[in-house]
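**Q** Sharing a structure below in structure tokens format, with a few things to ask.
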Amino acid sequence: MFDAHCHIGIPSAQAIVCSSEPGEYDQLQAYRYHAYGLLRPADRDVDTLEQRLFADRGAMIGEFGLDCRWETDERLVERLLCLARDLDRPFVLHVVHRHDRILRLIKQVGTKSCFIVHGFTSSRQTALSYMRLGGTISLSPRSLASRDFRKLLDLGFLLESDLPLSGESLKVLDSLYESVAAAMSISRERLEERINVTGSVFTA
Ligand SMILES: [Zn+2]
């Protein structure tokens, strides 16, 4: 059972552990798959993140992105996309109601790295736009209630708890795997296989 987006907690090699600010960076090395992120970036934070990436060659970038609930300087998001492009790192996006702007930025920067759009609750159309650019959507428990949820299930996707790694996050993820397998009318084993194949881009 692979958790495609979670936060610092108990140890796990079956998870992509993301961060949202520099205060968390020192703890990330403990996780096999980890990402340096900035949810509310400031210039100096992007400098800090850049230094971490130079020193930590296996690391991904994320989470970062645009969220309608707060102002984000798009210039800094663009800088992070440029870093992903120049250092050839996978990245993890956090996007709430700002998909058009993020898609435009990715195209403008010409980022070719693979990436995850975490906690995806938008339309099939939007999912396909990300996929054309090398993106993979990741579904969280919140995605189950989204309008297009069932229309996303024939696309390649990942599953996530979006919680700090813990007994609770495992429980939440387990129940998400069960719900999605049931919605697809496939066995849990078959779903796990599919997710492992989709996730192999990020866990190679
Ligand atoms: Zn997020």
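The values are calculated or read from the model by the stated rules, or taken from the named source; none is laboratory data. Here the structure is a predicted model, which means the values were calculated and not measured. Glycine also receives a Cβ, built like all others from the backbone with ideal geometry; neighbour counts cover every protein chain displayed. Only protein heavy atoms, including side chains, enter the accessible area calculation; ligands, DNA and RNA are left aside. Shrake-Rupley method; radii C 1.70, N 1.55, O 1.52, S 1.80 Å.
**Q** Which one of the conditions (1) in a helix (DSSP H, G or I); (2) in contact with a helix residue (DSSP H, G or I) (Cβ under 7 Å, 6 or more places away or on another chain); (3) open to solvent by less than 20 Å² (accessible area, probe 1.4 Å) does residue 158 fail to meet, given that it meets all the rest?
**A** Of everything listed in (1) in a helix (DSSP H, G or I); (2) in contact with a helix residue (DSSP H, G or I) (Cβ under 7 Å, 6 or more places away or on another chain); (3) open to solvent by less than 20 Å² (accessible area, probe 1.4 Å), residue 158 misses just condition (1).
**Q** Further, regarding this structure: For residue 71, which of the numbered conditions (1) among the acidic types (Asp, Glu); (2) surrounded by fewer than 18 Cβ atoms within 10 Å (Cβ to Cβ); (3) not in a loop (DSSP other than H, G, I, E, B) fails to hold?
**A** Checking residue 71 against (1) among the acidic types (Asp, Glu); (2) surrounded by fewer than 18 Cβ atoms within 10 Å (Cβ to Cβ); (3) not in a loop (DSSP other than H, G, I, E, B), the one that fails is (3).
**Q** Looking only at region 161-176, filter to residues that are outside any helix (DSSP H, G or I) and out of contact with any Leu (no Cβ under 7 Å at 6 or more places or on another chain); which one of those is nearest to the ligand (Cβ to nearest atom)? Walk me through how you get there before you give the answer.
**A** Narrowing region 161-176 to residues outside any helix (DSSP H, G or I): 161-166.
Right, trim to out of contact with any Leu (no Cβ under 7 Å at 6 or more places or on another chain) and you get 162-166.
Values: 162: 6, 163: 11, 164: 13, 165: 15, 166: 17 Å.
The residue in question is 162.
**Q** Which residue, of 143, 138, 129, is among the small types (Gly, Ala, Ser), within 13 Å of the ligand (Cβ to nearest atom) and part of a helix (DSSP H, G or I)?
**A** Of 143, 138, 129, the one residue that is among the small types (Gly, Ala, Ser), within 13 Å of the ligand (Cβ to nearest atom) and part of a helix (DSSP H, G or I) is 143.
**Q** Being part of a loop (DSSP other than H, G, I, E, B), within 15 Å of residue 35 (Cα to Cα) and either within 16 Å of the ligand (Cβ to nearest atom) or open to solvent by less than 30 Å² (accessible area, probe 1.4 Å) (or both) is the filter here; which residues of region 91-126 pass it?
**A** First, pick out the residues of region 91-126 that are part of a loop (DSSP other than H, G, I, E, B): 97-98, 110-114, 119-123.
Subsequent filtering for residues that are within 15 Å of residue 35 (Cα to Cα) retains 113-114.
Within region 91-126, 113 is the sole residue that qualifies.
**Q** Something else now. Given the criteria within 16 Å of the ligand (Cβ to nearest atom), open to solvent by 10 Å² or more (accessible area, probe 1.4 Å) and within 30 Å of residue 193 (Cβ to Cβ), does residue 34 qualify?
**A** Working: within 16 Å of the ligand (Cβ to nearest atom): yes; open to solvent by 10 Å² or more (accessible area, probe 1.4 Å): yes; within 30 Å of residue 193 (Cβ to Cβ): yes.
Considered against the rule, which asks whether it is within 16 Å of the ligand (Cβ to nearest atom), open to solvent by 10 Å² or more (accessible area, probe 1.4 Å) and within 30 Å of residue 193 (Cβ to Cβ), residue 34 comes out as yes.
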